[in-house]
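The values are calculated or read from the model by the stated rules, or taken from the named source; none is laboratory data. Model, not experiment: these values are computed from the prediction. Cβ coordinates were reconstructed from backbone atoms using ideal geometry, including for glycine residues, and neighbour counts include every protein chain displayed. These accessible areas exclude ligands, DNA and RNA; they are computed on the full protein's heavy atoms, side chains included. Shrake-Rupley method; radii C 1.70, N 1.55, O 1.52, S 1.80 Å.
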Amino acid sequence: MAIIENGYLRGQISNLINRKVGDKNVVQSKSSDKINQTRWSEAAASDFGTASAAGATIRRAFNAVHQKVHDSGMHNRLVKRMQRVLLGNGKYEPGDQRITRGNIQRLVGFQFNKNCHIYDYLYFDTNVTFSAPGTTSVYLPELNAQRNFYWPKACNHIILKIEIVALSFDKKYARTIGSHEIELTRYDNQQHEARTLTFDSPDKDYDTILVSLSTLYLEKRSSYALLLNSVDLNPAGIIAAHNLRNPL
């Protein structure tokens, strides 16, 4: 409210402050208490939302792999990795970043549990290839239960699990298009032959394929089987990634 006193206007009208300075009436604009987001900050928030939504889609898609047994910061680490994916093939205007424009291969090596890197527990390398129609091939070398695997105490069975997931980040859609398990026993000295696993997807409504590798540790007895995986022992990671729209 403003009043006229002795010919001078004093007080506030809207965001204008009126006061007397000497023999003059001074009108001053009052700064707003509310800080409005600039177009750039709004766009940057949109890009973060894109990375966060992509991270959530991946986390849910691989629930069967990490089994929700992971470090407390897993989602934040995944979002940070997806921010790097967004910038992996050039920087676009803020708010215009897209996963399909980025470099999804920057996701390779992500560990769902930072406490146990998958290759600290598996002593061999795989080779994954992708073909244009959407076929995924996973090559496994010769495997020996004693030489190629870490065996925790009490564990007498290991299940090696390969999971292939197709995703559409724009639609927040994910579907498992292939899964394969190999079970080994602790005292198996057999040399398992090298093999190539091939997975085809009839569904083409996606833009990205991710491949994960994980291990399940079991204590099997005649009457029960106990899963030994825990937050400190649950190796699971992404070993390959492919963008069908922007292959690198």
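Accessible area of E193, 1.4 Å probe, to the nearest 10 Å²?
So the heavy atoms of E193 present about 140 Å² to solvent.
Treat each spin label as a single point 7 Å out from the Cα along the C-beta direction, and report the K114 to D170 distance in nm.
Label-label distance for K114 and D170, simple model: 3.3 nm.
Tally Lys and Arg at +1 and Asp and Glu at -1 over the other residues with C-beta under 9 Å from the C-beta of R106: what net charge comes out?
Values: positive: R81, R84; negative: none.
Every neighbour counted, the sum reads +2.
So which of K114/K220; K80/K161; K68/K204; K80/K114; K91/K204; K68/K91 end up more than 24 Å apart, counting from Cα to Cα? Can you show the working numbers first?
Values: K114/K220 27 Å; K80/K161 26 Å; K68/K204 28 Å; K80/K114 14 Å; K91/K204 28 Å; K68/K91 33 Å.
Result: K114/K220; K80/K161; K68/K204; K91/K204; K68/K91 exceed 24 Å.
Given the protein chains as shown and a 1.4 Å probe, how many square angstrom of D232 are accessible, to the nearest 10?
110
Stokes-Einstein at 37 °C, 0.692 mPa s, Kirkwood radius from Cα pairs: D for region 156-248 in µm² s⁻¹?
Working: Rh = 15.5 Å.
So the translational diffusion coefficient is about 212 µm²/s.
Each residue of region 67-75 in turn: what ³J(HN,Hα) in whole Hz from Karplus with 6.51, -1.76, 1.60 and θ = phi - 60°, glycine and Pro shown as x?
6, 6, 10, 7, 5, 5, x, 4, 4
First select every other residue whose beta carbon is under 15 angstrom from the beta carbon of R60; then total the charges, Lys and Arg +1, Asp and Glu -1. Please report the intermediate quantities before stating the final value.
Numbers: positive: R59, K68, K171, K172, R175; negative: E163.
Here the count lands on +4.
Order the peptides 117-127, 60-70 from the highest to the lowest mean number of other Cβ atoms within 10 Å of their residues. The partial results should precede the final answer.
Details: 117-127: 14.5, 60-70: 16.3.
Ranking, from highest mean packing down: 60-70, 117-127.
Place a point 7 Å from the Cα of R77 along the Cα-to-Cβ direction; which residues of region 92-132 have their backbone N under 11 Å from it?
110-118
Spin-label point model (7 Å from Cα, Cβ direction): what's the S46 to Y224 distance in nm?
5.5
Could you work out how much longer the chain between R98 and A194 gets when fully extended? Use 0.36 nm per residue separation minus the Cα distance between them, nm to one decimal.
Details: separation 96, 0.36 × 96 = 34.56 nm, distance 3.81 nm.
That works out to 30.8 nm of additional length.
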